[in-house]
Amino acid sequence: MPDRIDINSDMGESFGVYKLGRDAEVMDYISSANIACGWHAGDPMVMEQTVRMAKEKGVGVGAHPGYPDLMGFGRRRLDLSVGEIENYMLYQMGALYAFARAWGLPLQHIKAHGALSNVAFVDLEVSKALARAALRFSKDILFVALAGTVMVRAAREVGVRYVEEVYADRVYNPDGTLQSRKIAGSVIHDPEKAARQALIIVKEGYVIAHDGTKLPVKAESLCVHGDTPTATTILQKIREEFKKAAIAVKPMGQ
């Protein structure tokens, strides 16, 4: 059983006067923040505030790039070439890096958002485009790959450093991908259930899919969505269970 794990959450997804998520509350319980880069959500003011808050809380900062689709919140698939995807990722990473550097922080990781990540789970060439963007940006950056999917293979083939991620608050398909949000119950809101899934993932090395299939997973980073209404309670419960199990929470890569 691992004695440490990273907990990441999507942050900085407000835009202008529109507020989304519970960033200030959630930041107290995570170790890595995936910060929106202005294309699916976020704006320069939000990026500045979120990076500053992460520094104050000792939380690792990573880019959370997605499709250029503010109205759809990056959850609609766009018809883009792998070259376009690679350059779109570099562009968004560069935007967030400006704020990270201004606050004296490294850009720790990159994690794709929404529909883009859903495509990357099953499309090797898209995953490789994301991995190439990460490696072109820095040989030290970590590429966040959904455990057990082609994203891991892409990271290995491209040669980028990577961590395998598992979700505490999402329901899984038998093939190791995430059940669509369009299906009721795909996001776990019950803190007890999410904490139980998180503990099994980290201690036992598997997650149970919606049909009962037991999927082996290597968990190096655990995701909890910050925009879930019960996110703070879920994170509190997970941290309580991890403390009982002597599992430390540290930023990915440490």
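Here r is the Cβ-Cβ distance between HIS189 and LYS243 and R0 is 35 Å; the resulting FRET efficiency, rounded to 0.05, is 0.95. Sorted ascending by nearby beta carbons within 10 Å, beginning with the fewest, GLU84, GLU56 become GLU56, GLU84.
Gain on full extension, evaluated as 0.36 nm per residue between LYS250 and ARG4 minus their Cα-Cα distance, stands at 87.9 nm. What lysines does LYS55 reach when the alpha-carbon gap must be under 30 Å and sequence neighbours fewer than 8 apart in one chain are set aside? Straight-distance partners of LYS55: LYS19, LYS111, LYS139, LYS203, LYS218, LYS237, LYS243, LYS244, LYS250.
Here the peptides 66-72, 206-212 are ranked by packing, the mean other Cβ count within 10 Å, and the order with the highest first is 66-72, 206-212. As a rough footprinting exposure proxy, the listed residues TRP39, TRP103 were ranked by other beta carbons within 10 Å of their own, and the order from fewest upward is TRP103, TRP39. Taking each DSSP H run with n ≥ 4 as -39500 (n - 2.57) and averaging over every residue of the chain yields -12000 deg cm²/dmol at 222 nm. A simple spin-label model places pseudo-atoms 7 Å from Cα toward Cβ; at ARG196 and MET71 they are separated by 4.2 nm. Hull volume per residue, based on the alpha-carbon atoms of segment 108-254 and their convex hull, is 107 Å³. For segment 145-254, the share of DSSP beta bridges that are antiparallel, to the nearest 5, is 50%. Comparing THR177, THR233, THR213 in a Gaussian network model of the chain, where Cα atoms under 10 Å apart are tied by springs, the biggest mean-square fluctuation is seen for THR213. Dividing the Cα radius of gyration of segment 4-249 by 2.2 N^0.38 Å, with N the residue count, gives 0.93.
Each value in this text was obtained by applying a stated rule to the coordinates, not by laboratory testing. Quick caveat, the model's predicted, so the values are computed rather than measured. As a convention, Cβ positions derive from the backbone with ideal geometry for all residues, glycine included, and neighbour counts pool all protein chains shown.
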